[in-house]
Amino acid sequence: MNCNSKSRVVSVIIVNFNSGGLLTQCVRSVLASTISVKVHVIDNASIDDSLLMLQQAFTLDEPVQIIKNTQNLGFAQAANLALPHTTGQYLLFLNPDCLIRPDTLAQFVSVMEKNLQAGMAGCLVRNPDGSEQAGCRRSVPSPWRTMVRIFHLDKLFPHSKRFKNFVLTSQPLPTEPVEIEGISGACMFVRRTALDVV
């Protein structure tokens, strides 16, 4: 799938803080996407060499913008600094320790275009050993659901709907996109119009 239309460009926002070589690996995986991307790296005053490695790895004509903060602003405030520079119809908020496959963004776009009511999408986020990360699929962690998880009540009452864990990794992976209450903040694909409404 090839998208050269400016409106179809995906703006990828990566907030960095001392991510070392992982940042460069992350950006490299994004730039290998099968659709057009523009990468916005916001650095929260890193003291390691992550930015230096990134700058050495890519030429000036690469679609990579770097915004350097003089202090650690945290994720949300730093990510918001990139928004005025983005042009994509879709935005991907991606942690610097995440690697995506070349077709990941194209699959996100395809799912969002088939589900026009969806404002945000997540995906299967795996640990280095291939297992699913706990925050990948979840329900909203209400006080009751949190207590169930802390005290492992879901294991004591495995067939009770009342004692369900809010982390859904024990359930089979869906074979098609499904509506879900919570996704991982490590990889959030957002429709720009939904973000504008918020």
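The values are calculated or read from the model by the stated rules, or taken from the named source; none is laboratory data. Keep in mind it's a predicted model, so treat the numbers as computed, not measured. Cβ placement follows ideal geometry from the backbone for every residue including glycine, while neighbour counts extend to all protein chains displayed. The accessibility values were calculated without ligands, DNA or RNA, using every heavy atom of the protein model including side chains. Shrake-Rupley method; radii C 1.70, N 1.55, O 1.52, S 1.80 Å.
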### Task
Would you mind telling me the antiparallel percentage of the DSSP bridges in the chain, rounded to 5?
40 percent
### Placed amide H near Val64: partners under 5 Å, 5+ positions off or other chain
Val39
### Message
Modelling each spin label as a point 7 Å along the Cα-to-Cβ direction, I'd like the Glu179/Val198 distance in nm, to one decimal.
### Response
1.8 nm
### Task
Cross-chain or 8 or more residues apart, Cα under 24 Å: how many lysine pairs in the chain fit that? Count them up, please.
5
### Task
Determine the share of the chain's accessible area contributed by carbon and sulfur atoms, expressed in whole percent, with a 1.4 angstrom probe.
56 percent
#### Entry: Residue among Ser184, Ser160, Ser110 with the largest mean-square fluctuation in a Gaussian network model of the chain, springs linking Cα atoms under 10 Å
Ser160
### Message
Take the chain, mark every one of the trypsin sites (Lys or Arg not before Pro) that falls in a DSSP loop and has at most 11 other Cβ within 10 Å, then report the longest stretch left between them, sites excluded.
### Response
1-160
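Quick one: accessible area per residue over the chain, 1.4 Å probe, rounded to a whole number of Å²?
It amounts to 58 Å² per residue over the chain.
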## Note on the structure
In deg cm²/dmol, rounded to the nearest 500, the helical mean residue ellipticity at 222 nm of the chain, built from -39500 (n - 2.57) for every DSSP H run of length 4 or more, is -8000 deg cm²/dmol
### For the stretch 65-73, Karplus couplings with θ = phi - 60° (6.51, -1.76, 1.60), whole Hz, Gly/Pro x
10, 10, 10, 9, 8, 8, 8, 7, 8
